[in-house]
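Have a look at the structure below before the remarks.
The values are calculated or read from the model by the stated rules, or taken from the named source; none is laboratory data. On a predicted model such as this, the values are computed, not experimentally measured, just so you know. Here the Cβ positions follow ideal geometry from the backbone for every residue, glycine too, while neighbour counts run over all protein chains shown.
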Amino acid sequence: MKSLKKNFVIEWKGPYYCIEDIKEEDFQNSFYLISGLQKSQRGESRVQYCGISYLRSVFSRLHDKKHKHEKVKRDKQFWIGQFSNSRLNTKENIELAEHLIIYYCGTELNEKKTKTIPKEPISIINRWKKPSGEFWRRRQYPVQQHINSVILYDGESFWYAEKFNKL
């Protein structure tokens, strides 16, 4: 087992139901998740895509031509995440964390990073906020239920913890 030197807390904010709702949020150097169902899919909504927005806002990134969010047709939700410690907002760290999330979730619309494991050990703690900034008391949305509170890759195996329990 390798030493675990990359430990991150991502604070996710959402859900947002349309891109225009994100316009006022100043999220650069961040992550975004898109959940819902594609045209022919049935069942429960799921994480379809994870992306990063490094030098631009998520809002402008989602306006790129032929962005993958256009393939999500029903129950579409957007979640935006940032490292809780802004000093960690380097392109290398953001891409490493994105890689773990994509690999862990098996997002259907991501073409890269779904079949290869992250290049180094990493752990992520996920925290969920409402658009107002207040923390969710319960994990009630599918995105919150499918991405565990703790995801860890130790260089050999993947580990997770379902949720944090308040003492």
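For the structure I just gave you, tell me whether R56 is of a type in the set (D, E, K, R) and not in a loop (DSSP other than H, G, I, E, B). So R56 does not fit the description; no. Residue pairs whose Cβ atoms lie under 8 Å apart, sitting 6 or more positions apart in sequence or on different chains, and linking a residue in region 107-126 that is touching a residue at least 60 places away in the same chain (Cβ under 8 Å) to a partner that is in a loop (DSSP other than H, G, I, E, B) and among the polar types (S, T, N, Q), are T107/T114; P121/S3; I125/S149; N126/N148; N126/S149. Criterion first (charged (D, E, K, R), in contact with a helix residue (DSSP H, G or I) (Cβ under 7 Å, 6 or more places away or on another chain) and farther than 16 Å from I34 by Cα) does R87 satisfy it? No, not satisfied. What do you reckon, is G14 more than 18 Å from E95 (Cβ to Cβ), modelled with pLDDT of 90 or more and either touching a Leu at 6+ places or on another chain (Cβ under 9 Å) or of a type in the set (D, E, K, R) (or both)? Yes: the conditions hold for G14.
Residues of region 49-105 being on the phi > 0 side of the Ramachandran plot and acidic (D, E), which ones? The answer is D75, and nothing else. The set of residues in region 14-23 that are hydroxyl-bearing (S, T, Y) and either farther than 21 Å from P131 by Cα or outside any strand (DSSP E or B) (or both) contains only Y17.
The listed residues are G14, G106, G51, G43, and the only one of them that is of a type in the set (G, A, S) and over 21 Å from I151 (Cβ atoms) turns out to be G43. Counting the residues of region 24-53 that are surrounded by 14 or more Cβ atoms within 10 Å (Cβ to Cβ) and in a loop (DSSP other than H, G, I, E, B) gives 6.
Conditions (1) over 24 Å from S132 (Cβ atoms); (2) without any contact (Cβ under 8 Å) to a residue 40 or more places away in the chain; (3) small (G, A, S), marked per residue:
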position: K6; (1), (2), (3): yes, no, no
position: W12; (1), (2), (3): no, no, no
position: S30; (1), (2), (3): no, no, yes
position: K39; (1), (2), (3): yes, yes, no
position: F59; (1), (2), (3): no, no, no
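There is at least one residue in region 64-86 that is among the aromatic types (F, W, Y), farther than 28 Å from S157 by Cα and part of a strand (DSSP E or B).
Among the numbered conditions (1) among the small types (G, A, S); (2) buried (at least 17 other Cβ atoms within 10 Å of the Cβ); (3) modelled with pLDDT of 90 or more, the only one that S84 does not meet is (2).
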